[in-house]
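The values are calculated or read from the model by the stated rules, or taken from the named source; none is laboratory data. Since we're looking at a predicted model, the values are computed, not measured. Here the Cβ is made from the backbone with ideal geometry for all residues, glycine too, and neighbour counts use every protein chain on show.
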Amino acid sequence: MESDVLDTLDQLGYEGPLLDEKALSTASEEGLSSAEYVNLCIWLMSRLNPTLDTDVSLISRGDGCHLEIGALLKEMACPYHAIVAALMEGKLNKKDCLKLILYLASELQAAQIVHSKPVKSKDHELKDTPTEDIQAICKTLHISLENTSENVLSIIDEKIKSLLKEVPKDHIGEPVFKHSLSNEQWMKLEKINVLLSSEYQCRRRMLIKRLDVTVQSFGWSDRAKEKVDCMARAYQPKRHSLHLKSSVSLAHLLAAREDLCNVVKTSGGSTRDNTSCAVNKILMGRVPDRGGRPYELDRPPPEMPPWKKRQDGGGGRGGGYGGGGGGWGGGHGGGGGGGGGGGWGGGGKRGGKSSWSYGGGGGKGYQGKGGY
C-alpha cells in the first residue's frame, strides 16, 4: 500500500519529506501524533477545499485535528466508516492512516479532473469566432492588439512576409495542399480526420498498455523490488506525457509542406546516424536449433494394433458354437478342431453318428470325449 500512496502523491506534485517509503511508514505508525503526517493531511485538505463545496475549515495542527478531519470526511461521505469512527476516537493504526492518505489523495485527483473540465451551458451556442486563434497568432508574432483591432489581418500578413525575408529561400518550402474546398468538402475532411484519429487512438492505447506491462514486468525480480520507488519516479513523469488523443487537425493539413512527401527509410544511413546506439552493436551468438518444423516430425505410433485375418487351426478356446473347433468344449487344453460343424445343431460326424452332445472330432473335450 505504501507504493500506491507514494505514486499518488508523486502524481499530485507533493514534494514533502514523506515521499520516502521508510519515512511514510514511520509517520503512519505514529499517526496524528506525527507532525509530518498531519502536515501531509493539511496539504491534501488545503487543495481539496477549493474544488469541493464544503463548509469545513482547514484543519489545524492542534489536539483537535482528528475531529476536524473526521468532520470533513463525513462531509465528503467517506465510505470507510470504520476509519471515520477510529479517527473520531483517536485510535488509528498504521493501515488506517495509509488508507486515509490514499483516500484523500484519490479524492483530490478526482476533484482536479472534474474541476479542469469546462462546464458547458445548455444555452451556450457554438460560433465560429476566430478571436482566440488571432490572439494566439499575434502573441507568437509579438504583435500588440491594442491599436490594431481593425486591420489586424493585414498587419499579420506584413509581419509574416518580413519574417520570411530573413530566412533562406527554400527554408519553408511549398505547401502540399494548394486547392480551395467548399464547406461540404471541409466537413467530409473533418469526418475523415475523426475516423483516422480514432484508429490512431486505438493503436496508441495498445502501445502504451504494452509499455506499461513491460515496465511492470521489470519489477518482478528480487533485485528490482528494492528499487520500485526509484523506477516509479523515473517512469511516471515520462508516462504522463504520453497522451492517447491525436493533436492533428485540419490546420496541420494546410500547414503541411512538400518535404513531408519525402519518405526516408528507417534503415537508411543518414537515419541510422541518429537512431543507432550501443545496444544495436551487440550481436547474438549462434543459438541451438530447437526444431519445431512440422514436416520434420515423426508420425505418432498407432493407438491400436492393425486388424489381421483370422488364421485356421491353432489352440485355445476352440471354434465357438459351431464348427471348426469341436463345439463348446472342443479343447480343454488346446487340441480340438476337426470334423466340421459340431456345436448346437449337430452335424459333426464321428463314426457317422450325428448328435447334439458330440463334438466334431478333435481331442478330449469336457468329459474326455470329443463333445460336451
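Taking residues in region 257-270 that are without any contact (Cβ under 8 Å) to a residue 40 or more places away in the chain, and partners anywhere that are assigned to a loop (DSSP other than H, G, I, E, B), the pairs with Cβ atoms closer than 8 Å and at least 6 places apart or on different chains are Ser270/Val264. Here Pro237 clears all of (1) part of a helix (DSSP H, G or I); (2) loosely packed, with under 10 Cβ neighbours inside 10 Å except the condition numbered (2).
Working carefully through the options Leu126, Leu153, Leu189, find the one that is out of contact with any Ser or Thr (no Cβ under 8 Å at 6 or more places or on another chain), at pLDDT below 85 and in a helix (DSSP H, G or I). Steps first, answer last, please.
Details: Leu126 fails: in a helix (DSSP H, G or I); Leu189 fails: at pLDDT below 85.
Sole residue among the options that is out of contact with any Ser or Thr (no Cβ under 8 Å at 6 or more places or on another chain), at pLDDT below 85 and in a helix (DSSP H, G or I): Leu153.
Kindly indicate whether Asp229 is part of a helix (DSSP H, G or I), under 30 Å from Asp20 (Cβ atoms), free of Cβ contacts under 8 Å to residues at least 60 places away in the same chain and among the acidic types (Asp, Glu). Answer is no for this residue. Residue count for region 192-233 under the criterion of being modelled with pLDDT of 90 or more and charged (D, E, K, R): the result is 7. In region 165-186, the qualifying residues are those that are surrounded by 11 or more Cβ atoms within 10 Å (Cβ to Cβ) and aliphatic (A, V, I, L, M), and the one that is farthest from Asp259 (Cα to Cα) is Leu181.
When the residues of region 261-276 are filtered to those that are under 19 Å from Glu174 (Cα atoms) and over 33 Å from the mean Cα position of the chain (by Cα), the one that is surrounded by the most Cβ atoms within 10 Å (Cβ to Cβ) is Cys261.
What's the total number of residues in region 19-55 that are of a type in the set (A, V, I, L, M) and closer than 16 Å to Lys95 by Cβ? Walk me through it before giving the result.
Applying the first criterion (of a type in the set (A, V, I, L, M)) to region 19-55 yields 19, 23-24, 27, 32, 35, 38, 40, 42, 44-45, 48, 52.
Those left that are additionally closer than 16 Å to Lys95 by Cβ: 24, 27, 32.
Residues in region 19-55 being of a type in the set (A, V, I, L, M) and closer than 16 Å to Lys95 by Cβ: 3 in total.
Residues in region 1-19 that are touching a residue at least 60 places away in the same chain (Cβ under 8 Å) and outside any helix (DSSP H, G or I): Met1 alone.
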